[in-house]
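In what follows, a structure is listed as structure tokens, so that the remarks can point back to it.
What follows draws every value from the coordinates through simple rules; no lab data is involved. Since we're looking at a predicted model, the values are computed, not measured. Counting neighbours? That spans all protein chains shown, and the Cβs are built from the backbone with ideal geometry, glycine included.
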Amino acid sequence: MNLDELNKVAQAMVAPGKGILAADESSGTIKKRFDAIGVESTEDNRRDYREMMFRTAEAMKNNISGVILYDETIWQKAKDGTPLVELIKKAGSIPGIKVDEGTQPLPNCPGELITVGLDKLAGRLTKYYEQGARFAKWRGVIDIGPGKPSYTCVSANAHALARYAALCQQAQIVPIVEPEVLMDGDHNIDTCYQVTEWVLKETFQQLYYQKVALEGIVLKPNMAIAGKKSAKQASVQEVAEKTVRMLKNCVPGAVPGIAFLSGGQSDEDATAHLDAMNKIGNLPWHLTFSYGRALQAAPQKAWSGKAGNVGAAQSAFAHRAKMNGLASLGQWKADLEKKAA
Ligand code: 13P
């Protein structure tokens, strides 16, 4: 393993003004997104949709440091025959790959999940590296509810994340370590804070036990935020302050960067929260985005599967990428959204 090289890639992933496009929806998830805009989820439609984003030159060059791909996409070619991985590289961005194989019920823990995919991971990573991937992603899922999360669920997912991260570094691939505490419940922000703090501490303990070099990872956490069904939603400033405090208590300064997931926040909330954190400043790591829905909801709607809408969809994608790029610098303003609308 060459740690300097891993660190260089990790630094590039969280470079100022840039963040990551999470375009790694599994076939099941992308079908849900396409259903919502009335598009059939065929291999060609999935390709056309993602090619549209990767060809948004301005966004890719200025604001998108890397793209997380799904297995199908990393082997796909654009309509003109160019491999999609080459399109991404030519646009100045780094190709990455989701390597977990989804979740399964965790035995003895009703309603809880464990992420799977470790068994043949070493061999798969070698092939992905040859195909151009320089970073990877694995997502552990933690739900908050009555009796949840259990210690079993938190520790088993932390253990799997660390096993994955060690295998990635051995294959010269930067692991994005993503322990996601879901925001689906009716819990308040302080419950989310406490659970996320626990999850992060367990995760970093496992990374240490499994000898993962922190200079060569990127952390992808949720923010400290109230559940969607909670009657008491926290202000932008409260989310920013509590998230920064939580991270400072859990994430060593050796980690080059933290790239948040959006987790179901509205586009503008996800941007405003990131911006408010960077406005606090004086942070030991770069704070940026690794958004799926918060970057793609607008372009998906604008595209709606019609070739004639590609221009409008690219504008919508470029706008969100630019807004989040500004947020990664703490330079976003709410009226920039209105001007674009
Ligand atoms: P969201 O930003 O839509 O949560 O997706 C990010 C991601 O990669 C989840 O694993």
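Quick look at the values:
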read-out	value
The range 178-280: trypsin sites (Lys or Arg not before Pro) in DSSP loop, at most 11 other beta carbons within 10 Å	Lys211, Lys229, Lys232
Size of charge dipole - the range 54-137 - debye, nearest 20, with Cβ of Lys, Arg +1 and Asp, Glu -1, no other charges	380
5 angstrom amide H check on Lys77, placed H, neighbours 5+ away	Leu84
222 nm mean residue ellipticity, helices alone, for the chain (DSSP H n ≥ 4; -39,500 (n - 2.57); rounded to 500)	-15000 deg cm²/dmol
Projected area averaged over orientations for the range 158-241, convex hull of C-alpha atoms, nm²	5.7
The chain: projected area of the alpha-carbon convex hull, averaged over directions, in nm²	16.0
Phi to ³J(HN,Hα) by Karplus 6.51 cos²θ - 1.76 cosθ + 1.60 over the range 140-157, Hz, x for Gly, Pro	x, 10, 10, 9, 9, x, x, x, 10, x, 8, 4, 4, 5, 5, 6, 5, 5
Residue-wise HN-Hα coupling along the range 237-251, computed from phi with Karplus coefficients 6.51, -1.76, 1.60 (Hz; x: Gly, Pro)	5, 5, 4, 5, 5, 5, 5, 5, 5, 4, 5, 4, 7, 10, 10
Cα centroid separation, the range 46-70 to the range 1-17 (Å)	20
Between the range 132-204 and the range 223-292, the Cα center-to-center distance that results, in Å	16
Loop-located chymotrypsin sites (Phe, Trp or Tyr not before Pro) in the range 32-61 whose Cβ has at most 13 other Cβ within 10 Å (DSSP)	none
Mean separation of Cα contacts under 8 Å (6+ apart) over length of the range 159-252, as relative contact order %	38
Average Cα contact separation per residue, the chain, under 8 Å, 6 or more apart, as relative contact order %	19
Cα gyration tensor category, rounded, prolate or oblate, for the range 23-136 with a/c compared to 1.5	oblate
Amide proton proximity set for Gly117, modelled H, under 5 Å, gap of 5+	Glu101
